[in-house]
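K.L.:
Quick one: structure below, then a few questions.
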Amino acid sequence: MDDGVLFRGGKLNEPMHLWKKESLYHLLLKGIKAIGDSAYCGMPEKVTVLIEGHSEQSVKFINRDKARQENYHHRLKDFAVLGSCFRHGKSTETKMAMHQMCVEAICVIVQFDLQHHPLLEV
């Protein structure tokens, strides 16, 4: 599944009312925009992407913000549980709950680390 489909909770060619309401697209408050790469084209009301005509200052800001996000994701992916098959638990429900617990624990660890080793300033 590509990033745009995951973000929207559905495909661009599907009617919006069929998109999953718990997707990030629907959770962003009105007037708040995310910054994304070209996978997020077609959603200008929710995501800012680099396009021709942006000022040099805007391009630098967007690139720097995307670099911060990639750095953050890299820190998350340093934990093997996020990059390999999760094999704990017997039932699907137990596996999902345990995997969620692991992801949340990793986010807390990374957040703690960010207090001592901050990302690039925007």
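Readers should treat all values here as calculations from the given coordinates under stated rules, not as data from a laboratory. Just so we're clear, the structure is a prediction, and the values are computed from it rather than from any experiment. We place every Cβ from the backbone using ideal geometry, glycine too, and count neighbours over all the protein chains shown.
K.L.:
Counting alpha carbon pairs within less than 8 Å and at least 6 residues apart, what relative contact order, in whole percent, applies to the chain?
P.N.:
16 percent
K.L.:
Any idea what the relative contact order of region 3-48 is, in percent, if you count C-alpha pairs under 8 Å spaced at least 6 apart?
P.N.:
32 percent
K.L.:
What is the distance in Å between the Cα centres of region 40-92 and region 1-32?
P.N.:
The distance from the Cα centre of region 40-92 to that of region 1-32 comes to 16 Å.
K.L.:
Under a 10 Å cutoff between Cα atoms, tell me which one of Val108, Val49, Val59 has the largest fluctuation in the Gaussian network model of the chain.
P.N.:
Val108
K.L.:
Mind scanning Lys66/Lys95; Lys33/Lys66; Lys46/Lys66; Lys33/Lys60; Lys21/Lys46 and naming the pairs with a C-alpha gap bigger than 23 Å?
P.N.:
Check vs 23 Å cut-off fails for Lys66/Lys95.
K.L.:
Quick one, which of (1) 32, 15, 9; (2) 40, 13, 11; (3) 28, 23, 12 is the actual semi-axes √(5λ) of the Cα gyration tensor in Å calculated for this model?
P.N.:
Label of the calculated value: (3).
K.L.:
Please go through region 33-122 and write out the GluC sites (Glu not before Pro) that DSSP classes as loop and that have at most 14 other C-beta atoms within 10 Å.
P.N.:
Loop-located and lightly packed - Glu45, Glu52, Glu121.
K.L.:
Which of the trypsin sites (Lys or Arg not before Pro) found in region 34-122 are loop residues per DSSP with 13 or fewer other Cβ atoms within 10 Å of their Cβ?
P.N.:
Arg87, Lys90
K.L.:
Per residue, how big is the convex hull around the C-alpha atoms of region 3-48? Give it to me in cubic angstrom, could you?
P.N.:
It is 65 Å³ per residue.
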